[in-house]
Amino acid sequence: MNKSRHSRSASSRNRYVLGATAAATVVAAGVLATTASAVPEQKQAQENVTPTHRTKPTVVLVHGAFADASGWGATVDRLRKDGYPVQAIANPLRGLDYDTAYLTGILKNIAGPKILVGHSYGGAVIGNAAVSVPNVKALVYIAAWVPDKGESLGGLIEKHTDPAVKPLPLKNITYTRPDATAGTDVFIDPARFRTSFAADVPASEAALMAASQRPISVEAFGQPSKEAAWKTLPSWALVAQQDQAIGTRLERFMARRAGAHITEVAGSHAVMVSRPDAVTRIIQQADRGTR
């Protein structure tokens with residue numbers, strides 16, 4: 001009697017264990033099947049995502065003197081709509097050595113391929129910073145300085161005097177540095193800003209640019225360039241045909257010497273504000289030309 005009950009009890013336990021095991025096997029099989037079917041679907045979904053930011057380089061925009069990063073606004077909008085990651089850098093304007101070190105630090109924290117774009121004095125900065133930064137695909141100069149190694153901006157002006165270009169109407173700001181030494185910044189006389197810098201920009205916008213312009217250290221014009229990245233990297237240049245700051249002739253000379261792919265447009269020195277369409281196109285050309 002006890003033996004029979006014991007046998008029936010053991011048999012029941014065995015059926016329970018076998019049933020539970022079978023159920024667990026079915027559940028596990030279902031999970032594996034679901035996972036297996038999900039993997040191809042997930043992989044397919046990933047493959048169908050357009051890898052815009054993974055395939056396009058980061059465009060780094062560097063403004064020059066008497067301007068700020070907001071001047072790139074319309075260009076940033078166009079590039080982002082086309083899928084480019086963009087950073088418009090606030091250039092310190094403290095001198096070529098200082099500004100190069102600052103930009104180099106920023107660039108080393110941007111992963112992947114990069115296209116460096118410099119307007120005016122920003123062209124000298126990118127030409128120095130690019131030599132020590134990996135993954136720079138191209139340099140793009142927008143109405144920009146393109147100095148060779150050992151050249152200063154002031155020296156280039158003296159060597160390539162253009163009677164058609166009047167000296168900029170600069171005003172000085174003197175100040176005392178924390179170490180008690182004297183410093184001097186220069187800015188364009190706001191009353192004459194539009195004529196000298198932004199003749200093709202609407203008057204109201206040019207007035208705002210004049211009021212918000214960033215002064216630059218006078219040292220920036222005398223410091224020689226230590227590098228010339230255009231000697232080893234492909235470059236593109238946009239020459240402004242009505243430039244009254246650098247001068248069209250000098251812009252053209254520097255761009256040709258660098259072996260840049262040159263586009264000329266009707267525009268003032270502030271061509272990045274007045275012709276963002278042309279600026280965007282030349283950046284896209286630099287990308288396509290270095291794929």
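The values are calculated or read from the model by the stated rules, or taken from the named source; none is laboratory data. All figures in this text were calculated on a predicted structure; none of them were measured in a lab. Methodologically, a virtual Cβ is constructed for each residue, glycine included, from the backbone with ideal geometry; neighbour enumeration extends over all protein chains shown. Note: areas computed on protein heavy atoms with side chains; ligands, DNA, RNA excluded. Shrake-Rupley method; radii C 1.70, N 1.55, O 1.52, S 1.80 Å.
Side notes on the structure shown:
Here's the yes/no breakdown for (1) open to solvent by 60 Å² or more (accessible area, probe 1.4 Å); (2) without any contact (Cβ under 8 Å) to a residue 60 or more places away in the chain; (3) within 18 Å of the chain's Cα centre (by Cα); (4) over 19 Å from ARG78 (Cα atoms):
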| site | (1), (2), (3), (4) |
| --- | --- |
| GLY247 | no, no, no, yes |
| ARG256 | yes, yes, no, yes |
| ILE262 | yes, yes, no, yes |
| VAL265 | no, yes, no, no |
| SER268 | no, no, no, yes |
| THR280 | no, no, yes, no |
| ARG288 | yes, yes, yes, no |
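- When residues in the range 160-190 are screened for being surrounded by fewer than 13 Cβ atoms within 10 Å (Cβ to Cβ), touching a Pro at 6+ places or on another chain (Cβ under 7 Å) and not hydrophobic (A, V, I, L, M, F, W, C), 0 of them pass.
- Inspection of the range 220-238 finds no residue satisfying the criterion of being under 17 Å from HIS269 (Cα atoms) and assigned to a loop (DSSP other than H, G, I, E, B).
- Taking the range 92-128 as the range and being in contact with a helix residue (DSSP H, G or I) (Cβ under 8 Å, 6 or more places away or on another chain), under 20 Å from ALA237 (Cα atoms) and not in a helix (DSSP H, G or I) as the test, the residues that pass are LYS114, ILE115, LEU116, VAL117, GLY118, HIS119.
- Yes/no for THR104 being of a type in the set (Ser, Thr, Tyr), within 28 Å of ILE283 (Cβ to Cβ), out of contact with any Leu (no Cβ under 9 Å at 6 or more places or on another chain) and touching a residue at least 12 places away in the same chain (Cβ under 8 Å): yes
- Some residue of the range 109-120 being surrounded by fewer than 20 Cβ atoms within 10 Å (Cβ to Cβ) and over 26 Å from ILE282 (Cα atoms): no
- Among the residues making up the range 204-236, those that are among the acidic types (Asp, Glu) and touching a Gly at 6+ places or on another chain (Cβ under 8 Å) are GLU219, GLU227.
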